[in-house]
Amino acid sequence: MKPAKIAACVLLGMINAHQAKAAAQGEAFTFDPSLFLGSGFGEGIERFNQENAVVAGRYSVDIWLNNQFVQQDEIPFRALPSGEVVPCLSAALWQNQGVSLKPETDAQCLYPQAVVEGARWELATAELKLSLYVPQAALRKGPADAVPASQWNAGESVLFTNYNANFYSSSGNGSRSDYGWLGLNSGINLGLWQFRQQSSASISRFNDRQTQKWDNLQTWVQRPIATLGSTLTLGESYTAGNLLGSVAFTGVKLQTDERMQPQSRRGYAPEIRGTATSPARVVVSQNGRKIYETSVPEGPFLIDTLANSAWEGDLQVDVIEAQGKRSQFTVPFASVPLSMRPGTWRYSSVLGAARDYPQVNNRFADFTLEHGWSNTLTLNSAARVGEKYQALVAGGVVATRFGAFGSDVTASRASIAGQTEQGWRWQTNWSRTFAPTGTHVALAGYRYSTAGYRDFSDVLAQRRWQHDASWRSDTLNQRNQFTATLNQSLGELGNLWFSGSTMDYYDNRGRSTQLQMGYSTQIGRANLNFTVSRQQSWWMMRSGDTRARQRDGQKENLFTLTLSLPLSMGQRDHYASWSASRGQQAGAASQLSLTGPLDKQETLSYAVSAGWQQGKDGNAAQNNWSATLQKMSNFGTLNGSYARASNYQQWSGGVRGAVVLHGGGLTTGPWLGETFALIEADGAQGARVSSTQNAVVDGNGYALVPSLTPYRYNTISLDSQALDNQTELQESQQRIAPWAGAAVKLKFATLQGHALLISLKPQSAQGITLGAEVKDSQGAIVGMVGQGLQAYARVTQPQGRISIERDGGPPCLVTYHLVPAQINQPLIPLTGACESP
């Protein structure tokens, strides 16, 4: 709402608050106009005896529908012939929220009672909150968190660059090395077409030798397509890799973008179907915790908007009916990574050339298709075709009360050096939660391949090897592979976890094994973590025309203990931590560190540490220490560090941020994510953007919000505490739902000038009523009359004349003049009398 109406809204808020209190106590609540002094001031005050009484006009309010935030908007409140003042909402707003409009509804003023029978509204004027209540039966069926595609914002046409620059210098043992690196992630947005480019530059110097390098890492163009629920990518990208191995390629890709789906429809969760013999309440619990509750009418019901759960476990469903009848049933809930919700589809199609193998014929085509058939079954398939290479995948996931089982078979055929290799690979995985013991087997997988099976990347590498190249492969001639992850809750004693993998090969090159086990717990405010890991790896290197094979590997056992403790120092917590480790190859080490913020806004932080390290050969331990300082600023993040030990010293510095070129000029800020916002708030210099990395409105009136969630409502707020007394925000919060990759522009209107509170002399103010508009000499509305014949206005000049509307007569003109001592006051009290035009 325009700040000029604040005085009136404060009064209305007080009135509505007293009305609510009286209603709660079952009392009548009325206003007596004779209690107001001043001729004409009490006229019409009896309208506040009605519920939701409000002065007609335009108000910027937060709109809520059935206790869910919708948006902030300026809404006109108009008087009906009956005298009742109601909010007039647009047809688009009602339709976007899934409300079916009556054909005969007056499109000029769609207030709740005229749209849906049984609808109502409430206005909390003190909070500027308009609450709409519509019966669920009148709303479109579907996920409550769905954002209509018509509300997705494509953003502005901009050019931006993320930059990450670092410099490192080290000296010791009679040598010196310097290294500088610059990484650039750049983009251009033209509507929904988005051009992206990643590149890097490096310079290194070791003693007197210097090298320089520039790399164009990746370039592509992308465009989201709502009608297909997909994203089109042209240029350099990667295949999905969920059914067929991921390949870096140059070409075209069309792939499902699940982010366009409501959050409640993403990931896997089963459908719940049942029947209620009367209106009922349905409660869904998992592992003893209530995760969902809803009301359903009599008859069959379907719940298909359960959120994807990080932990599994069967669902217990309670149906509590109106007459007291209660029934229960169980729905199995177990999933693996390829599980899909019933009725959902996912696909990917690729046509291009593999980027890492330019010396051979590297063109190929991919297609994958996955479908959630039911709660129990997910089906998937894929095909890859290249030059003298074919692969076909078929499989699925079965969810049972004993866990989720996923399995697929891949057959391949390839021609290498005139010989045909063909074979197949079978892989399966399993996931299960054992609720009584708190045990979760996140994934246990097994894969077996025949000797003739080949991944596409290995085939291209073997063909390239014939042209005098070399490569390392972990998948070539692989026979068996087993992986497992387990998490065991110990209640108040902590948490125990284990993960491991092992694989062997047909060419007797050995077995690669990785095992990790950890324990974590909390002792008071301290966190304790202990980890044990073992790694034994072997791989085969092939190189040269002689086709020589070289066997190499490594072995390491490592023990690590970490203890961290928050320390209350000043207004912010600092953290002290100690770690110790010992390994066969790494030797022994111990480190003590302290980290924390140095300012109230936590924009400046530090880290200091000291420790020692001893190599595996048992040589004398070396002491070391280091210090790091980091500053988050309006143009990015600055960091610097210094470290020293007995045989070296090292320092480094860097800066990480972004630059955006747009219609209003050049704006700097923190590193940008895929989707971001540009704020324009002219005159609001210094206002801080809430919930961001210290983003502040700069001297040109712009700021960057570095990250937004695509296809979801994002609420952006400005904190006006840093504004001067001459500026106020007309709105401090906006909501936006952007397309993925969009650069959305949000304009926050401001008012600048001197805030006046003029007490009008009653003898001259006849006919001036509560809520009367105040205008400047140009006819612009700059304020409103509040209680007690006090007129609030914000004016740009230290002297001048304002005009106030008067019922049944000419306007009231008030002349004001500010002295130098009043200029910088936040609210300037004055006394004035009405003059005739």
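In nm, what is the difference between 0.36 nm times the number of residues separating Ser759 and Ala821 and their Cα-Cα distance?
Extending this stretch completely gives an extra 20.4 nm.
Provide Rg and Dmax in Å for the stretch 764-825, with only Cα atoms included in the calculation.
For the stretch 764-825, the Cα radius of gyration and maximum Cα-Cα distance read 11.9, 38 Å.
What GluC sites (Glu not before Pro) in the stretch 270-378 are in a loop by DSSP, with at most 14 other Cβ atoms within 10 Å of the Cβ?
Those satisfying the criteria are Glu298.
Label-point separation (nm) for Asp573 and Gln212, each offset 7 Å from Cα along Cα-to-Cβ?
Result: 4.9 nm between the two label points.
Which percent of Cα-Cα pairs in the stretch 206-354 sits in each 5 Å bin, short to long?
2, 8, 14, 13, 12, 10, 9, 8, 7, 6, 4, 3, 2, 1, 1, 1, 0, 0
Would you work out which of Phe364, His754, Thr437 lies farthest towards the positive end of the dipole of the chain? Charges go on Cβ: Lys and Arg +1, Asp and Glu -1.
Checking the options against the dipole of the chain, the answer is Phe364.
Calculated FRET efficiency, Ser199 and Gln516, Cβ-Cβ r, R0 35 Å, to nearest 0.05?
According to the calculation, E is roughly 0.45.
Considering the values (1) 43.2; (2) 67.5; (3) 46.5, which represents mean projected area of the Cα convex hull in nm² as calculated for the structure under consideration?
(3)
Please list, in chain and number order, the residues 5+ apart from Glu731 or on another chain whose amide H is under 5 Å from its amide H, with Hs placed from the backbone.
Those lying under 5 Å, H to H, from Glu731 are Ala749.
Counting DSSP beta bridges with both partners in the chain, what percentage is antiparallel, nearest 5?
Taking every DSSP beta bridge within the chain, about 95 percent pair in antiparallel fashion.
Going by C-beta contacts inside 10 Å, put Asp504, Asp208 in order with the fewest on the left.
By the 10 Å Cβ count, ascending, the order reads Asp208, Asp504.
Along the charge dipole of the chain, which of Tyr168, Tyr506, Ser803 sits closest to the positive end, that is, farthest toward it, with unit charges on the beta carbon of Lys, Arg, Asp and Glu (+1, +1, -1, -1)?
Tyr506
With +1 on each Lys and Arg Cβ and -1 on each Asp and Glu Cβ, and nothing else charged, work out how big the dipole of the stretch 361-467 is about its Cα centre, in Debye to the nearest 20.
120 debye
Say R0 is 25 Å: what FRET efficiency, to the nearest 0.05, do Thr428 and Asn308 get from their beta-carbon distance?
Rounded to the nearest 0.05, the efficiency is 0.65.
Return the subset of Lys129/Lys745; Lys129/Lys290; Lys290/Lys745; Lys253/Lys388; Lys129/Lys747 for which the Cα-Cα distance in this structure is over 28 Å, preserving the input order.
Lys129/Lys290; Lys290/Lys745
For His662, His440, which order do you get if you count the other beta carbons within 10 Å of each Cβ and list the fewest first?
Neighbour counts put them in this order, fewest first: His662, His440.
Only four residue types carry charge here, +1 at the Cβ of Lys and Arg and -1 at the Cβ of Asp and Glu. Report the dipole size of the stretch 299-380 about the Cα centre in Debye, rounded to the nearest 20.
Roughly 180 debye, rounded to the nearest 20.
What does the extension gain come out to for Ser295 and Leu558, with contour length at 0.36 nm per residue minus their alpha carbon separation?
My answer for the length gained is 89.3 nm.
How large is the charge dipole for the stretch 565-715, taken about the Cα centre, if only the Cβ atoms of Lys, Arg (+1) and Asp, Glu (-1) carry charge, to the nearest 20 debye?
440 debye
Obtain the radius of gyration and the Kirkwood radius of the stretch 696-837 from its C-alpha atoms and give Rg over Rh.
Result for the stretch 696-837 is an Rg/Rh of 1.11.
What translational diffusion coefficient, in µm²/s and rounded to a whole number, does the Stokes-Einstein relation yield for the stretch 364-509 at 25 °C and a viscosity of 0.890 mPa s, taking the hydrodynamic radius as the Kirkwood radius over Cα pairs?
This corresponds to a translational diffusion coefficient of 139 µm²/s.
Which ordering of Lys745, Lys325 is given by a fewest-first count of other beta-carbon atoms within 10 Å?
Lowest to highest Cβ neighbour count: Lys325, Lys745.
Please work out how much length the chain gains when fully extended from Asp724 to Val385, using 0.36 nm per residue of separation minus the C-alpha to C-alpha distance, in nm with one decimal.
Separation in residues times 0.36 nm, less the Cα-Cα distance, equals 115.5 nm.
Could you work out [θ]222 nm for the chain from helices alone, using -39500 (n - 2.57) per DSSP H run of at least four and dividing by all its residues? Round to the nearest 500 deg cm²/dmol.
Roughly -1500 deg cm²/dmol at 222 nm, from the helical runs in the chain.
Under 14 Å from the Cβ of Trp651, count the other residues' Cβ atoms, weight Lys and Arg +1, Asp and Glu -1, and hand me the total.
Overall, the nearby charge balance is +1.
Only the coordinates and a few stated rules stand behind these numbers; no lab work does. Small disclaimer: the values here were computed from a predicted structure and weren't measured. Don't worry about glycine lacking a Cβ; one is built from the backbone with ideal geometry, like all the others, and counts go over all protein chains shown.
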